[in-house]
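Trainee: Here it is, the structure, as structure tokens.
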Amino acid sequence: MLALGRELQRRAHRVTLFGIPDVARQARDAGVGFAEIGRAEFPDGSVAAFTNELGGLSGTRANIRWHGNDRRLAEAMCRDGITAIGAGAADGLIVDQMDPAGSSVADALEIPFVTLCGSLAVNWEPGIPPVYTPWMQHSAGWARLRNRAAFMIAKQTLRPVRHVVDSYRRRWGLPERRLTSTYFHESRLAVIAQLCAELDFDRAMLPPWFHYVGLMRDSANAQASVPFPYSRLTGAPVVYASLGTLLQGAKPRSFEAIAKVCAGRGAQLVITLGGAAGARDALRALPGDPIVVDYAPQLDLISRSTLVITHGGLNTVLESLSYGVPLVTMPIAFDQPGVCARVKRSGAGVVVHRARLASELPEAVRTVLENERFVQSAQRLRASLAECGGVSRAAWIAERALASRAPVMRESYRDASSSAAVLDITHRIRRRAQ
């Protein structure tokens, strides 16, 4: 979202991030405007407290707890967003697909909005497993029934969230939302997905204004100045391991298993803890003496790596594939099982079950490192991601949709490279004139 905001600012637009207090610093660091919502529900420190709570959960329990948080977010956005966004005289909104209330606020204010899928798109089709499941795509009738049942269960879990939003919609004189093909209402102007079609399952029912744009990375701010002990790199093949910010209690034993495997293969392991509280103290004597840091310059280290071991967060997966690096994945919760299933299907990596980590990880690492087909698949996806257009294409789509208030069809970007180049030159001329 911030990468897209910076790109739109570069194109001479005024950009404001509407968010809870804890994300104010990120907005300031990114150089975009910020307007606060939800302080009553989310006082300072709420994100850290919520992350710590989720760190002890996984799977269904984590998903249910996350949806409980969505209810509070919906209340905050409906109550405060209508005032904050209206006061900012916004010409349009870019709403995350998993934001339960942003689209309704846009409806109430009668301003256009575009949907952004920062995580996997949840658009439901009978032949597509829900994103929070590890299921592979099958055309059999039993698989379609399974998918339908799982998606309806997810929508029932979100019923309390919809009740909050519908109560405000009635107050604003708007009709209640019916169950649709997504958890929450999405734009009919443009849907922007941070993925490439080649990495997704085979979809047949996406709206014609749905756009795969690949990794949305801001080239000017892609590599943050995160300190790292480069002098400790020995020249041995690098394996980069990141398990995100959750499941903190299980991190030590997971990293122990990873370190043992890498030491046995003569690879140099780099572990980033993602700021997990107390994790470093539990990792003082790992096999092979890996480099362990709280945060890392991830893109640079991935570019140096022969393998990435990850929990399956979409950003890390896309960043790895954007450098053609294959993966070993071990999903924890949310859309990570769905991301990992897509990686497996693409041939760019394998999936390890955390409960069977000790037995499955050595074979998984050996398989990926010793079979050139995984590198070839990762390189193929690297080319596909590069062709998607990234954040520049996303900004082009958002501009066109919000300005015209008309759907931006996939075909309209057929000559996107030339259109984007002309648009970029126009904006540069405008800035110089100003």
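Trainee: Cut-off 10 angstrom, C-alpha nodes, Gaussian network model of the chain. Which of M98, M77, M152 fluctuates the most?
Mentor: M152
Trainee: Of H211, H163, which has the most accessible area with a 1.4 Å probe, and how do the rest follow in descending order?
Mentor: H163, H211
Trainee: Taking 8 Å as the Cα distance limit and 6 or more residues as the minimum spacing, I'd like the relative contact order of the chain as a percentage.
Mentor: RCO, the chain: 17 percent.
Trainee: In addition: With every protein chain kept in place and ligands, DNA and RNA left out, what is the accessible area per residue of the chain? Probe 1.4 Å, answer in Å².
Mentor: Ligands and nucleic acids excluded, the result is 45 Å² per residue.
Trainee: Ok, one more. Would you mind telling me which residue in A87, A386, A333 has the biggest mean-square fluctuation in a Gaussian network model of the chain, where springs connect alpha carbons within a distance under 10 angstrom?
Mentor: Top of the fluctuation ranking is A87.
Trainee: Working from Cα positions, state the angle (0 to 90°, nearest 10) between the long axis of helix 390-404 and the longest principal axis of the chain.
Mentor: It is inclined by approximately 10 degrees.
Trainee: Could you give each residue of the stretch 127-134 its phi-based ³J(HN,Hα) in whole Hz, using Karplus coefficients 6.51, -1.76, 1.60 with θ = phi - 60°, and x for Gly or Pro?
Mentor: My calculation for the stretch 127-134 gives x, 10, x, x, 5, 8, 9, x Hz in order.
Trainee: How much accessible surface does E186 have with a 1.4 Å probe, in Å² rounded to 10?
Mentor: 20 Å²
Trainee: On to the next question. Taking the Cα centre of the chain as origin, work out the dipole magnitude from +1 charges on Lys and Arg Cβ and -1 charges on Asp and Glu Cβ, in debye rounded to 20.
Mentor: For the chain, the charge dipole is close to 380 debye.
Trainee: Determine how large the accessible area of L402 is when every protein chain is in place; take a 1.4 Å probe and give Å² rounded to the nearest 10.
Mentor: Roll a 1.4 Å probe over it and L402 shows about 40 Å².
Trainee: Let me ask another. Just check the stretch 78-217 against the gyration tensor rule for me: Cα atoms, a ≥ b ≥ c as the square roots of the eigenvalues, rounded for a/c under 1.5, and otherwise prolate or oblate depending on whether a/b exceeds b/c.
Mentor: Oblate is the answer for the stretch 78-217, as a/c is 1.5 or above yet b/c matches or exceeds a/b.
Trainee: Here's another thing I want to ask about it. So who's got an amide H within less than 5 Å of the one on F18, skipping anything under 5 residues away but keeping other chains? H placed 1.01 Å off N, in plane.
Mentor: Amide H to amide H, under 5 Å and 5 or more residues apart or across chains, F18 pairs with A35.
Trainee: Follow-up question, since we're still on this one. For the stretch 274-387, what % of the accessible area comes from carbon and sulfur atoms, probe 1.4 Å?
Mentor: Answer for the stretch 274-387 is 45 percent, counting heavy atoms of protein chains only.
The values are calculated or read from the model by the stated rules, or taken from the named source; none is laboratory data. Being a predicted model, the structure only gives us computed values, none of them experimental. All Cβ positions, glycine included, derive from the backbone under ideal geometry; neighbour counts span all protein chains shown. Accessible surface areas use protein heavy atoms only, side chains included; no ligands, DNA or RNA. Shrake-Rupley method; radii C 1.70, N 1.55, O 1.52, S 1.80 Å.
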